[in-house]
1. Just wondering, is there one or more residues in segment 69-86 that are of a type outside the set (A, V, I, L, M), surrounded by 10 or more Cβ atoms within 10 Å (Cβ to Cβ), modelled with pLDDT under 85 and not in a helix (DSSP H, G or I)?
2. So which residues in segment 87-120 are among the polar types (S, T, N, Q) and either within 30 Å of Trp29 (Cα to Cα) or surrounded by 10 or more Cβ atoms within 10 Å (Cβ to Cβ) (or both), if there are any at all?
3. Can you tell which of Ile44, Ile32 is in contact (Cβ under 8 Å) with a residue 24 or more places away in the chain and surrounded by 10 or more Cβ atoms within 10 Å (Cβ to Cβ)?
4. All but one of (1) touching a Leu at 6+ places or on another chain (Cβ under 8 Å); (2) on the phi > 0 side of the Ramachandran plot; (3) not polar (S, T, N, Q) hold for Gly92; which doesn't?
5. Need a quick list: helices (runs of 4 or more DSSP H) entirely within segment 1-60 having at least 3 residues that are within 30 Å of Phe71 (Cβ to Cβ) and modelled with pLDDT of 95 or more.
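The values are calculated or read from the model by the stated rules, or taken from the named source; none is laboratory data. Worth saying up front: this structure is predicted, and the values here are computed from it rather than measured. When we count neighbours, we look across all protein chains shown, and the Cβ atoms used for this are built from the backbone with ideal geometry, even at glycine.
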Amino acid sequence: MPWHYIARSMRGHPVRPPESGIARRKSIWERIHLDPWLLGLLLILMGSGLIVLYSASGQSLNAVIGQSMRFGIALVGMVIIAQFSPSTFCAGRRWRMASALPCWWQWMWWAMWAWGLNAG
């Protein structure tokens, strides 16, 4: 079953076909391509992580502020990436995979060298 039929069946209100001339307005979440439930749960998880960090770091606000800044940068990056079509990321995936293999092999070589060094 195609995804647009599944998504259409999960909506609480009917969707008018585009040829009818009476199209419903897109919500802000559809325009910015974000899921409000997933974003809300992610923010709750980030907030609870900050609470745990505050407790684990000996009530250090510097650690919490630094992690909050990293969370903010990650959220901005997530919103930017969400604006691209998924087909954008599928194009050239074989070349990206081929270019990632040497990095993976180099990491494996370093890890085996480091573990061998520490084992003896």
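1. No, the conditions are met nowhere in segment 69-86.
2. Looking only at segment 87-120, we keep the residues that are among the polar types (S, T, N, Q), and these are 87-88, 99, 106, 118.
Scanning segment 87-120 gives Ser87, Thr88, Ser99, Gln106.
3. On the way: Ile44 fails: in contact (Cβ under 8 Å) with a residue 24 or more places away in the chain.
The unique qualifying residue is Ile32.
4. (1)
5. Working: elements: 3-10, 28-31, 36-56.
Result: 36-56.
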